[in-house]
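Here's the structure, in structure tokens; my notes come after.
The values are calculated or read from the model by the stated rules, or taken from the named source; none is laboratory data. It should be emphasised that the depicted structure is a prediction, and the values quoted were computed from it without experimental measurement. Cβ atoms come from the backbone with ideal geometry, glycine included; neighbour counts cover every protein chain shown.
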Amino acid sequence: MSQQPPEHTRTRYRPGALEFLALGLIVLVLGQRWLVELFDVPALQTGATVFVAIMIQATPFLLLGVVLSGAIAAFVPGSFWRRVMPKNKALAVPVAGCAGALIPGCECASVPVANGLMSKGVTPAAALAFLLSAPAINPIVMVSTFVAFPGQPELVLARFLASLATAMALGWLWLKFGKSQWLRLGPRTHLIGSNSWHTFRLTASHDFLHAGGFLVIGAMAAAAINVLVPPAWMNAVADNPLLAIGAMAALAILLSICSEADAFIAASFTEFSNTAKLTFMVVGPMVDLKLISLQAGTFGRAFAARFAPTTAVVAILMSVLFGWWLLT
């Protein structure tokens, strides 16, 4: 005689996001007096103001960017890109680079998209140009840069041209010197749902949570630098043009901020020249810690070890060139 399953099966309780949110709200309510006293310090108030201002300005652009990126991932077939790319490899590079100006997408999404393009027969040089340009010069990024730097259209133009020139240069460099053994086509890493709408929801929510975390870290870092670093130190770095450019490029690589929001972080560094801020905005969407990790995991370490440093050098050179031409 077979045993009947027990009527009630005890399951282990595991708190979820809702419980943690409720707990956080309770802590805020109960500890509000202590929190007010904690922030009753001029330095902390200044840092909190910088942090909140960056988050309020940047979050709408980040949200719009990931929604559009999710829509493209879900509703635009991969075969579309192969059909619109020219068969001439050298010509395909600038076409792919310019396509980035029309298609919103964050850095995280550009890696699997480029991988998908290569797997469908698009020349790697064109796919890599698109990988670099899409998160750097898409409409959301351009509008957010215009909002972050009001009254400075020349800075928006400089960002567009320097980023596009970098993407095209890297595509042509790969076409000339790249070797197939350096590039390993990895599995598609996009979140795929049971249907297009499911894929859209999964991709948009994943990208928002992932990029939003880096935005919070970046905003906190910008607030901390503005408060904790003595003004004399900031001025000393900012007054040296080469040191300022190198510092802003290194900061962009370390902070790994989403391109839809990085202009607001750059604008907060008021001591630095526009060329140094331009370097921050050109380097960040093309080479940072999370991108290096994604590229190594998708295309292999041999690729990332060559592509990331080359991208950083070319991006800095293009920033200096277009900064000297348009911003001085």
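For the reader, a short list of remarks on this structure follows.
- Residue within the range 55-63 that is at pLDDT 70 or above, surrounded by fewer than 16 Cβ atoms within 10 Å (Cβ to Cβ) and either in contact with a strand residue (DSSP E or B) (Cβ under 8 Å, 6 or more places away or on another chain) or of a type in the set (D, E, K, R) (or both) present: no
- Count of residues meeting criterion [closer than 23 Å to residue 143 by Cα and free of Cβ contacts under 8 Å to residues at least 40 places away in the same chain] in the range 226-266: 3
- Contact map, the range 82-95: residues that are farther than 12 Å from residue 117 by Cβ paired with residues that are surrounded by 13 or more Cβ atoms within 10 Å (Cβ to Cβ) and of a type in the set (Ser, Thr, Tyr), Cβ distance under 7 Å, separation 6+ or inter-chain. Pairs shown: 89/123.
- Set side by side, the residues 252, 224, 247 differ, and just one is more than 24 Å from residue 294 (Cα to Cα), within 25 Å of the chain's Cα centre (by Cα), at pLDDT 75 or above and surrounded by 13 or more Cβ atoms within 10 Å (Cβ to Cβ), which is 224.
- Leading residue by the ranking (modelled with the highest pLDDT) among those in the range 190-221 that are in a helix (DSSP H, G or I) and over 20 Å from the mean Cα position of the chain (by Cα): 197
- Scanning the range 261-274 for residues that are of a type outside the set (Asp, Glu) and assigned to a loop (DSSP other than H, G, I, E, B) yields a count of 5.
- Within the range 223-247, tally of residues that are within 17 Å of residue 316 (Cβ to Cβ) and part of a loop (DSSP other than H, G, I, E, B): 1
- Residue list for the range 275-328, filter: in contact (Cβ under 8 Å) with a residue 60 or more places away in the chain and assigned to a loop (DSSP other than H, G, I, E, B): 285, 286, 288, 300, 327
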